[in-house]
Structures are given as C-alpha cells and as structure tokens.
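Participant: The following block contains the structure, expressed as structure tokens.
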Amino acid sequence: MHLPIVSTHDSSSGSRRGFYLSFLAILIVGTMVVAYCSTLRADQLPASPDQFARDVLRQEVEAQSLDNALWTFREEKQDDGKRKLLHVYQTKQGQIDRLVELDGHPLTPEQVRAEDRRIQKLISHPGELRQHQKKQREDGEQARKLLRMFPDAFRFEYDGQQGPLIRLKFAPNLKFHPPDHAAQVFHHMNGTMLIDAQQQRLAAIDGVLTSEVKFFGGVFGHLDEGGTFSVRQQEISPRVWEVTAMHVHMKGKALLFKTIAVQEDEIYSDFHTVPVNITPAQAAELLKQDSRDVPQTQAKN
C-alpha cells in the first residue's frame, strides 16, 4: 500500500499548502516506486528513451493498482520547526500514527497523555478515519491519472547510469496541452529519473520548477520558480517497494495573497508487515506498546 498522503496526526497541513501545492506532493508520492536489481548494459536499452519511459510508467501504474499491503513503519519529519518521530500502523479502516519523539527526545508524561487522548478520540470516531481513507484513495487515483500523462507531458533523454540504475532526464514537451490546471505544472518542470531497467520500475525522481507556475493567470495563486522535490524508495520485501524519503521545498502565493510554503523532509524506515485483519483499536494498542521502547533506544544511542 502506498504511504498515505494525509496524516491523521496533523490534519491542518493540507490547508497550509493550498490545493496546488497538495497536488504536487500527491504527484510525487503517488508516482514513486523503487527497485535495485541487476545492471542492464547501455547497448541493451531501447533506442527510444521516450518509449522506454512510457513502458516503465505504464508498469508503475499497474503496480500501484495491485499494491494492497499493510505496513507498520517509522516516520521522521520536520514539522513546525521541530523534528518528529512517529510510529505508524496501517489498517483497512485507515492509518493510525503516534508521536514518540520531539527533537530527538522522548515525550514528557504530559505529551504522552495528550497522544493517548488524541488517538482514543480518533478510533472512537470511525467516520473520521473513513474520511481520511477516502481522501487518500482519491489522492491515489489523481496521482495515477497524472502519471498516465507523464509520458506525453515530457520528452526524455538517456543520461548515463548510476550504479545499476539507468538515468533519464526529462523536460517539458511543448506539444503537450494540459487537460486541466493541475497538469499545468508539467510545463514548468525539469528533472531526472532513475530506473531499474530489468524490472521496469522507477527508482527515484528529482525535479525543479524552472519558471513560475500561475494558476488561472495568477488569480488563484502561483508557485515560485526554483521549487524542488526529491523522492526515493527501497525494496522493503521481495518485489515490494515503498517510499523511504521525500523532500519537497516549494514557495508561492495562494488565493487572497496568502503566502504558502511546503518545506517537507520525511524519511520512512523499519517496515514490517501488518495482519490484514488488524483493527484501529489493536493498532493503537500496539503503538502504545512500541512507544515504551523509545527511551531505551535513546539510551543506547
């Protein structure tokens, strides 16, 4: 299962980004899957980098549609100027997470009680969990829709190799006509992709906005030139891949001249499978048990 776009821990983050900044984060997370496998020689590559990219991206869409695994993992991120470590459990009813460290330190007793109250409130209102889950599914479908456009929106060139991975660089296809305002971002984006040619999977993507993006002529806001993003994933189980790092740095203006910014640095690690029948209440209890191990881990470090 792809890592959720919307966290149940901080539901206000989406409103801070604005719709189109959220769109860009969705595009990044929704399109990234990685594998590290054997090397394919340069003379074995398809003659057309555009067709090569098209085949790989088609495989990505199919892989995402079939990915139904549930995981528990750790998430490290910068939020409101603080470094946070969260433990996360995915369930069929939605994701449950628990804050366990702030700026490298275990929570105080009062902060622990606050997390207990927050999580209990969440699992006591299944409608809220369902709403988050519905939003995540919609985001995933939007991401797949955008990913299907990617081969038409860009022109690709071979750009050497990085270890066993093939590097492609991409630039806007001037003949591409965005079908909606979300896809308009494509006309302002350059970057590179790392591809495992043996499995036809994306290993990484890095991009930069080479010019200002104006939505509805700037009336609904804009994204500043120079914004960047970077995403990596790793094989966490045989032939199963998940996002392990995401960095998004964007600035701009939203409707009514509100300054908006995305400064996201997130790392995901320590993945373990979760039983498909786990309930939110069971996940919450496991998170509480896991959180008790954090002080001992800190002491060893």
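Participant: Cα extents of the stretch 81-144 along the three principal axes, largest first, in whole Å?
Facilitator: Extents along the principal axes, in whole Å: 39, 27, 18.
Participant: Then there is this: Could you please put LYS135, LYS175 in sequence from largest to smallest accessible area, using a 1.4 Å probe?
Facilitator: The ordering from most to least exposed comes out as LYS175, LYS135.
Participant: Moving on. Would you rank SER269, SER124 by solvent-accessible area, highest first, keeping every protein chain in place and using a 1.4 Å probe?
Facilitator: Ranked from most to least accessible, the order is SER124, SER269.
Participant: Using the structure shown, select from LYS145/LYS175; LYS92/LYS288; LYS82/LYS135; LYS77/LYS134 the pairs with a Cα to Cα distance greater than 22 angstrom.
Facilitator: Correct reply: LYS82/LYS135; LYS77/LYS134.
Participant: State, to one decimal in nm, how far the label point of VAL61 lies from the label point of GLN184, with both points 7 Å from Cα in the Cβ direction.
Facilitator: Between VAL61 and GLN184, the simple spin-label model gives 2.4 nm.
Participant: For LYS251, what accessible surface area do you get with a 1.4 Å probe? Give it in Å², rounded to 10.
Facilitator: About 120 Å², ignoring ligands and nucleic acids.
Participant: For labels at LYS134 and ASP290 in the simple 7 Å Cα→Cβ model, what's the distance in nm?
Facilitator: The modelled label-to-label distance comes out at 2.7 nm.
Participant: Can I ask one more? Just the number, please: carbon plus sulfur as a percent of the accessible area of the stretch 82-149, 1.4 Å probe, no ligands or DNA/RNA counted.
Facilitator: It is 53 percent, rounded to a whole number.
Participant: Still on this model: What figure in square angstrom, to the nearest 10, would you give for the accessible area of LYS121 with a 1.4 Å probe?
Facilitator: Counting only protein heavy atoms, the figure is 130 Å².
Participant: Can you tell me the length gained on complete extension of the stretch ALA281 to SER48, counting 0.36 nm per residue apart and subtracting the Cα distance?
Facilitator: 78.7 nm
Participant: What residues qualify as long-range amide H neighbours of GLU235, i.e. H under 5 Å apart, gap of 5 or more or another chain, H built at 1.01 Å from N?
Facilitator: Sorted by chain and number, the residues that satisfy this are TYR36.
Participant: Further, regarding this structure: With r as the distance between the Cβ atoms of HIS177 and HIS105 and R0 = 51 Å, compute the FRET efficiency 1/(1 + (r/R0)^6) and round to 0.05.
Facilitator: After rounding to 0.05, the efficiency reads 0.45.
Participant: Let me ask something else. Please report the net charge: other residues with Cβ closer than 14 Å to the Cβ of GLN136, K and R +1, D and E -1.
Facilitator: 0
Participant: I'd like the FRET efficiency for GLN162 and SER124, computed as 1/(1 + (r/R0)^6) with the beta carbon distance as r and R0 of 51 Å, rounded to 0.05.
Facilitator: FRET efficiency, GLN162 to SER124: 0.60.
The values are calculated or read from the model by the stated rules, or taken from the named source; none is laboratory data. Predicted, not measured: the structure shown is a model, and the values here were computed from it. Glycine also receives a Cβ, built like all others from the backbone with ideal geometry; neighbour counts cover every protein chain displayed. Just the protein is used for accessible areas: all its heavy atoms, side chains included, with ligands, DNA and RNA removed. Shrake-Rupley method; radii C 1.70, N 1.55, O 1.52, S 1.80 Å.
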